[in-house]
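Here the structure comes first, spelled out in structure tokens, and everything after it is commentary.
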Amino acid sequence: MLHIVADANIPHAREAFSRYGTVTALPGREITPEALSGANVLLVRSVTPVSPSTLVGTPVRFVASATAGMDHVAAGPLAREGIGVAHAPGSNAASVVDWVVAALLRIAAEKHVGLEGKTLGVVGVGAVGGRLADRARALGVRVLRCDPPRAERGDPGPWVPLATLLDASDIVTVHTPLAREAPHATLHLLGAAKLGAMRDGAWLVNAARGPVVDGDALFRALASGRLGATALDVWEGEPVPNTSLASRVDIATPHIAGYAFDGKIRGTVMVEAALREWLSTQGHPLPEPWDPESALAPEAPLVVDAPLAPVDTPEARAAWLDALVRQAYDIRADDRRFRGAVVTMPDPDRRAVAFAELRRTYPVRREWSRYRVRGHVPEPLVPAVTRGLGMALDTPGDR
Ligand SMILES: NC(=O)c1ccc[n+]([C@@H]2O[C@H](COP(=O)([O-])OP(=O)(O)OC[C@H]3O[C@@H](n4cnc5c(N)ncnc54)[C@H](O)[C@@H]3O)[C@@H](O)[C@H]2O)c1
Ligand SMILES: O=C(O)[C@H](O)[C@H](O)COP(=O)(O)O
């Protein structure tokens, strides 16, 4: 009989995994070596560091993280100890792209500017960055892509060096893993010099990992007024973000870019699939897999209404798209909750609790690809709505 310890923030973990053994759900930061004394399987999220030393003296033989990022799991050393390791690559990529597009449209609408014709520099072109590049092009944005590991592998370009991207981009967005070691270290990838190499007035987005951008250097760049706008979902020192930095950024959220419900459920499904694969190598009998459909079915059809507003200028079109997406996801509401509960909290311990609580109680948000747009979408905006936002249009018969 397996004993599975799972982060309580893995949705539907009990339903998905109790068919394989007993499940103990714990808050991620309470998964200590003592809590693992009887566990063979460990299912975590990003807040639980796992290495061979964490597992010394425990019977854990399989570790999976229901996340895209793996900087908290020492995958190589664990595998060398014969421990199965897995994660959920790409599970929440669509959710992060929705967050980035929501941030860009909100900033554009608040500044009364358009996005069309701007140059977006994407640093790290994997599951998130690749999708974002495609969707941004459909919004009329020019895209530059920087990904040295992919360029070195010979993946089809065009690729640009980071220096070129920083020099030529109106908006820079970071989607690399956090890697502390060469050959492609990303710790403080954007430090003072790189931030200084960005265009005056350029916008910066980080929904990857906090330490990929040097927070102190970013604070100084913002204080000097050099950058035009900043949107941050991730923070150095989580769960205790720097409040001085957070007060200066335009959009600030508590590491929830990947938290669309669909992406989190995909994480559960991918981890279950990995567990089944590992169990099959152990000759363990396999029950029927969990069916996520009933969890995923929305309570009511997911519909947004096409705004009745002019679309004759780039800024009007950005405002129109912003008014549309806010019906599905209001990024300002996440920003307000973060500022109200976390940024105003002077005591670091209570700030950490508030940060974790916002994440634990995150409201259900659905990926935009689940939405249908009701009403008339002006012809020039059809590619932006269908491919840029990923929403479906009403068929003419529905109108
Ligand atoms: N905020 C969130 O909720 C959230 C959600 C998902 C992922 N993430 C973070 O975003 C990261 C990216 O996610 P993903 O799913 O696209 O991962 P991915 O592995 O599919 O893509 C990462 C890409 O970055 C590239 N890369 C690595 N080092 C680089 C460097 N030095 N310069 C430029 N490119 C480099 C890789 O070659 C790869 O193509 C994850 O590792 C995770 O840390 C955050
Ligand atoms: O790497 C990821 O997948 C994301 O950063 C993920 O959304 C983090 O969420 P957490 O594991 O902290 O709940």
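Within segment 353-399, work out how many residues are outside any loop (DSSP other than H, G, I, E, B) and touching a helix residue (DSSP H, G or I) at 6+ places or on another chain (Cβ under 9 Å).
Of the residues in segment 353-399, 22 are outside any loop (DSSP other than H, G, I, E, B) and touching a helix residue (DSSP H, G or I) at 6+ places or on another chain (Cβ under 9 Å).
Read through the list (1) outside the structural domain of LEU227 (by the TED database); (2) within 11 Å of ligand 1 (Cβ to nearest atom); (3) of a type in the set (Val, Ile, Thr); (4) out of contact with any Lys or Arg (no Cβ under 7 Å at 6 or more places or on another chain), then give the number of the only condition that THR67 fails.
THR67 satisfies every listed condition except (4).
Restricting attention to segment 295-309, does a residue exist that is closer than 21 Å to VAL97 by Cα and assigned to a helix (DSSP H, G or I)?
Yes, segment 295-309 has at least one match.
Report, ordered by the first and then the second residue, all pairs with beta carbons closer than 8 Å, sequence separation of six or more or different chains, a first member in segment 63-80 that is at negative phi, and a second member that is surrounded by fewer than 20 Cβ atoms within 10 Å (Cβ to Cβ) and of a type in the set (Val, Ile, Thr).
What qualifies is VAL63/ILE83; HIS72/VAL47.
Applying the selection to segment 131-150, what residues are free of Cβ contacts under 8 Å to residues at least 60 places away in the same chain and surrounded by 17 or more Cβ atoms within 10 Å (Cβ to Cβ)?
Within segment 131-150, ARG131, LEU132, ALA133, VAL141, VAL143, LEU144, ARG145, CYS146, ASP147, ARG150 qualify.
How many of the residues making up segment 345-399 are under 19 Å from the mean Cα position of the chain (by Cα), surrounded by 15 or more Cβ atoms within 10 Å (Cβ to Cβ) and of a type in the set (D, E, K, R)?
Number satisfying all stated conditions: 5.
Given the residues ALA103, ALA179, ALA185, which is the only one that is under 22 Å from the mean Cα position of the chain (by Cα) and free of Cβ contacts under 8 Å to residues at least 12 places away in the same chain?
Result: ALA185 is the single residue among ALA103, ALA179, ALA185 that is under 22 Å from the mean Cα position of the chain (by Cα) and free of Cβ contacts under 8 Å to residues at least 12 places away in the same chain.
Out of (1) away from ligand 2 (no atom under 13 Å from the Cβ); (2) touching a residue at least 60 places away in the same chain (Cβ under 8 Å); (3) assigned to a loop (DSSP other than H, G, I, E, B), what's the single condition that is false for VAL125?
(2)
Which one of these is surrounded by 18 or more Cβ atoms within 10 Å (Cβ to Cβ), modelled with pLDDT of 95 or more and in a loop (DSSP other than H, G, I, E, B): PRO183, PRO241?
PRO241
The values are calculated or read from the model by the stated rules, or taken from the named source; none is laboratory data. What you are looking at is a predicted structure, and each value in this text was computed from that prediction instead of being measured. Cβ: placed from backbone, ideal geometry, glycine included. Neighbour counts: every protein chain shown.
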